[in-house]
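Asks: This is the structure, below, for whatever I ask next.
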Amino acid sequence: MHKFSTILVTGGAGFIGSNLIRYLLGEKSGFTGRLVNLDALTYAGNPESLADIEQQHGGSRYFFVKADICDRPAVEKAFADYAIDAVCHLAAESHVDRSILGPEAFIRTNVMGTFTLLDVARNAWKGRDDVLFHHVSTDEVFGSLGDAGYFTEATPYDPRSPYSASKASSDHLVQAYHHTYGLPITLTNCSNNYGPYQFPEKLIPVMILNMLEGKPLPVYGDGRNIRDWLYVEDHNAAVWAVMQKGAIGHTYNIGGENEWENIKLLDRLIEIVAEEAGKSVGQLRALISYVKDRPGHDRRYAIDCSKIKAELGWKQSVDYDGGLRRTVRWYLDNPRWIERVRSGEYRSWMDTNYSKR
């Protein structure tokens with residue numbers, strides 16, 4: 001069992017990161033050390049997602065450092081100032097549509113940023129074996145599945161978008177630093193996360209908010225692309241299990257074992273929003289609008305997560321219907337958070353790139 005005193009979480013103000021910090025500082029994790037959240041606060045990073053954590057634990061168990069992971073001096077300072085002995089690397093540009101329209105930012109953050117973190121960790125730790133660099137990645141690095149089969153840890157990489165290619169590159173760098181320099185690493189590839197605090201550019205929050213506002217519900221292509229959906233708390237419980245008990249140098253796939261065609265997911269989401277928000281199912285279904293498919297749109301993702309279940313004893317705890325309802329309820333209950341994150345750069349980008357669909 002790996003024990004850590006101070007974990008550096010990169011991208012901790014984002015969706016998965018803020019939920020991870022909340023999880024680690026909660027009772028379920030058993031973690032008793034400190035967390036340092038290093039985040040550049042780009043459009044998708046929102047310190048309000050951790051305002052209660054800052055109030056409760058700021059200056060004792062929780063510390064925030066505003067910095068870009070590509071800024072080597074800033075990363076080195078964080079390692080030195082806080083005596084970091086573990087990294088959970090989540091910071092990334094992650095929206096596929098954005099990577100198609102502007103790939104350079106994805107190469108910079110996801111490849112060069114990961115390199116910077118790895119190299120700083122290697123130099124700061126100087127061959128220690130009581131430390132860990134955990135890298136969080138995606139199932140999109142494996143490409144597209146047909147109607148059958150699942151991604152396993154042995155599936156060859158076959159990325160199809162600038163986003164997935166940048167994540168594949170970062171995965172290879174992490175493994176290279178382990179094999180070349182002996183850096184203690186673990187790596188996870190997860191399926192689509194959903195839940196509270198997700199930035200409203202991803203499918204589920206976009207659809208929820210558009211329903212509430214009576215806006216079109218854009219569906220790519222024929223709507224039959226399939227994704228495996230994983231509740232964010234279950235994902236973070238798996239990440240923590242890997243960080244504590246995972247074999248050094250190993251990769252673990254984390255999935256929801258919960259496949260849905262996009263159009264069927266949307267239909268169920270419509271039913272839940274209608275029930276929770278007092279709206280008409282028929283009126284919400286009338287908002288569905290099929291739009292031109294995304295370039296290089298992978299048809300199906302599905303993860304075989306038998307390795308993490310067998311080796312580490314992890315399993316999903318939130319069923320999909322319950323997770324969807326909790327997610328809808330959270331967006332209904334947090335209009336101030338939504339309004340704040342939908343201002344500024346996000347709003348101007350969405351207006352420019354999505355208004356004419």
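The values are calculated or read from the model by the stated rules, or taken from the named source; none is laboratory data. Computed from a predicted structure; not experimentally measured. Positions of Cβ are backbone-derived with ideal geometry, glycine not excepted, and every protein chain shown enters the neighbour counts.
Asks: In the range 265-288, is there at least one residue being surrounded by 14 or more Cβ atoms within 10 Å (Cβ to Cβ), among the charged types (D, E, K, R) and part of a loop (DSSP other than H, G, I, E, B)?
Replies: yes
Asks: Now for a different question. Starting from the range 292-310, keep only residues that are without any contact (Cβ under 8 Å) to a residue 24 or more places away in the chain, then list their pairs with residues that are surrounded by fewer than 19 Cβ atoms within 10 Å (Cβ to Cβ) and of a type outside the set (Gly, Ala, Ser) whose Cβ atoms are within a distance under 7 Å, requiring at least 6 positions of separation or different chains.
Replies: Sorted first by the residue in the range 292-310, then by its partner, the pairs are 309/315.
Asks: Within the range 36-84, can you find the residues that are more than 21 Å from residue 19 (Cβ to Cβ), in contact with a helix residue (DSSP H, G or I) (Cβ under 8 Å, 6 or more places away or on another chain) and of a type in the set (Asp, Glu)?
Replies: 68, 71, 76
Asks: For the range 146-155, indicate whether the set of residues that are among the aromatic types (Phe, Trp, Tyr), outside any loop (DSSP other than H, G, I, E, B), crowded, with 16+ Cβ neighbours inside 10 Å and more than 20 Å from the chain's Cα centre (by Cα) is non-empty.
Replies: no
Asks: Kindly establish whether residue 177 is more than 27 Å from residue 299 (Cα to Cα), at pLDDT 95 or above, of a type in the set (Phe, Trp, Tyr) and touching a Leu at 6+ places or on another chain (Cβ under 7 Å).
Replies: Judged against the criteria, residue 177 is a match.
Asks: Of all the strands (runs of 3 or more DSSP E) wholly in the range 1-68, which have at least 2 residues that are buried (at least 24 other Cβ atoms within 10 Å of the Cβ) and either modelled with pLDDT of 95 or more or among the charged types (D, E, K, R) (or both)?
Replies: Where strands (runs of 3 or more DSSP E) fall fully within the range 1-68 and carry at least 2 residues being buried (at least 24 other Cβ atoms within 10 Å of the Cβ) and either modelled with pLDDT of 95 or more or among the charged types (D, E, K, R) (or both), they are 6-10, 34-39.
Asks: I've got another one for you. Condition (residue is aromatic (Phe, Trp, Tyr), farther than 30 Å from residue 192 by Cα and either over 21 Å from the mean Cα position of the chain (by Cα) or modelled with pLDDT of 95 or more (or both)) applied to the range 122-132: is it met by at least one residue?
Replies: Yes, the range 122-132 contains at least one residue that is aromatic (Phe, Trp, Tyr), farther than 30 Å from residue 192 by Cα and either over 21 Å from the mean Cα position of the chain (by Cα) or modelled with pLDDT of 95 or more (or both).
Asks: Another question, then. Here is a list: 12, 45. Which entry is over 20 Å from residue 174 (Cα atoms), touching a residue at least 24 places away in the same chain (Cβ under 8 Å) and not acidic (Asp, Glu)? I'd like the intermediate steps shown before the answer.
Replies: Values: 12 fails: over 20 Å from residue 174 (Cα atoms).
Within the list 12, 45, the selection yields 45.
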